[in-house]
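K.L.:
Structure provided below as structure tokens; questions to follow.
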């Protein structure tokens, strides 16, 4: 069995089908980018991995454990120490300092205050923001908020990091900086990365595998260069921004 496995997963919100017999295997140490048109459920797939959304059917395995057997939120606490998520827009708490934002998840593990301080300072130094430890989110730029969100996610030294649109809303320079950080942090942590994104240049730079999600299933899976020459014109058209090859309407 793979490190992470989705097996025959179904998920719908009323009449809107998100996953239908969804299957995906991810190996340890990979950087997998989940791509596809807006609204197809890319974020839902990663939220199911940490119990923020429950599948309607099927099974999801992490390191041999069936996560669908976990019923209560507290049952997921050990999983969420090993799998962290960077939310779109960073999702910082506006009423908390940078220190308290990064420390938020760590406090659940009742660390001594000195160890907590050291961990927060270490992770902020990894993202180049140690000097911002006492600032409030309103004092930070968009790129800085993204980096604080990264520091908060990696505070527990997770084995897997989930990124939800990590470069959304950033200018090209800050986009490159965030992608560089994702690559550097994965190297430091020796972790597995799953990235939901629409940013094809970033996918080219950081992915080892690309999963193309459409109509509830993985329509194509493989290295980005292979998908750009895929036999499916829809997949090829999406990746090369050729509307004549797709049936996406906006």
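The values are calculated or read from the model by the stated rules, or taken from the named source; none is laboratory data. The structure presented is a predicted model; accordingly, all values stated were derived computationally and were not measured. Cβ coordinates were reconstructed from backbone atoms using ideal geometry, including for glycine residues, and neighbour counts include every protein chain displayed.
K.L.:
Looking at the range 97-127, which of its residues are within 21 Å of residue 166 (Cα to Cα) and touching a helix residue (DSSP H, G or I) at 6+ places or on another chain (Cβ under 7 Å)?
P.N.:
Scanning the range 97-127 gives 98, 99, 101, 102, 103, 104, 105, 120, 123, 124, 126, 127.
K.L.:
Suppose we keep only residues that are under 20 Å from residue 160 (Cα atoms) and modelled with pLDDT of 85 or more within the range 83-96. Which one would you say is surrounded by the fewest Cβ atoms within 10 Å (Cβ to Cβ)?
P.N.:
Among those residues, the one meeting the criterion is 87.
K.L.:
A further question on this structure: Quick check on my filter: what residues within the range 75-97 are part of a loop (DSSP other than H, G, I, E, B) and in contact with a strand residue (DSSP E or B) (Cβ under 8 Å, 6 or more places away or on another chain)?
P.N.:
Across the range 75-97, the qualifying residues are 87, 88.
K.L.:
Could you count how many residues in the range 9-29 are part of a loop (DSSP other than H, G, I, E, B) and touching a strand residue (DSSP E or B) at 6+ places or on another chain (Cβ under 9 Å)?
P.N.:
Residues in the range 9-29 being part of a loop (DSSP other than H, G, I, E, B) and touching a strand residue (DSSP E or B) at 6+ places or on another chain (Cβ under 9 Å): 3 in total.
K.L.:
Taking only the range 186-201 into account, find how many residues are more than 13 Å from the chain's Cα centre (by Cα), closer than 18 Å to residue 126 by Cα and in a helix (DSSP H, G or I).
P.N.:
3
K.L.:
Among the numbered criteria (1) surrounded by fewer than 18 Cβ atoms within 10 Å (Cβ to Cβ); (2) within 28 Å of residue 241 (Cβ to Cβ), which single criterion is violated by residue 52?
P.N.:
Going through the list (1) surrounded by fewer than 18 Cβ atoms within 10 Å (Cβ to Cβ); (2) within 28 Å of residue 241 (Cβ to Cβ), residue 52 breaks only (2).
K.L.:
Here's a follow-up. For the range 182-202, which positions are crowded, with 22+ Cβ neighbours inside 10 Å and modelled with pLDDT under 90?
P.N.:
Matches in the range 182-202: none.
K.L.:
Among the helices (runs of 4 or more DSSP H) lying completely within the range 98-181, list those that include at least 3 residues that are touching a strand residue (DSSP E or B) at 6+ places or on another chain (Cβ under 8 Å), at negative phi and crowded, with 21+ Cβ neighbours inside 10 Å. Working first, answer last.
P.N.:
Numbers: elements: 98-103, 113-126, 142-153.
Output list reads 142-153.
K.L.:
In addition: Confirm whether residue 238 is surrounded by 18 or more Cβ atoms within 10 Å (Cβ to Cβ), more than 30 Å from residue 98 (Cα to Cα) and at pLDDT below 90. First the steps, then the outcome.
P.N.:
Numbers: surrounded by 18 or more Cβ atoms within 10 Å (Cβ to Cβ): yes; more than 30 Å from residue 98 (Cα to Cα): yes; at pLDDT below 90: yes.
Criteria met by residue 238.
K.L.:
Only one of 229, 165, 187, 159 is in contact (Cβ under 8 Å) with a residue 24 or more places away in the chain and farther than 19 Å from residue 41 by Cβ; which?
P.N.:
159
K.L.:
Any chance you could count how many residues in the range 23-48 are free of Cβ contacts under 8 Å to residues at least 40 places away in the same chain and on the phi > 0 side of the Ramachandran plot?
P.N.:
Residues flagged as free of Cβ contacts under 8 Å to residues at least 40 places away in the same chain and on the phi > 0 side of the Ramachandran plot within the range 23-48 amount to 1.
K.L.:
Criterion first (touching a helix residue (DSSP H, G or I) at 6+ places or on another chain (Cβ under 9 Å) and surrounded by fewer than 18 Cβ atoms within 10 Å (Cβ to Cβ)) does residue 219 satisfy it?
P.N.:
On the way: touching a helix residue (DSSP H, G or I) at 6+ places or on another chain (Cβ under 9 Å): yes; surrounded by fewer than 18 Cβ atoms within 10 Å (Cβ to Cβ): no.
So residue 219 does not fit the description; no.
K.L.:
Could you pull out the residue among 110, 174, 101 that is farther than 24 Å from residue 29 by Cβ and at pLDDT 90 or above?
P.N.:
Unique residue meeting the criteria: 101.
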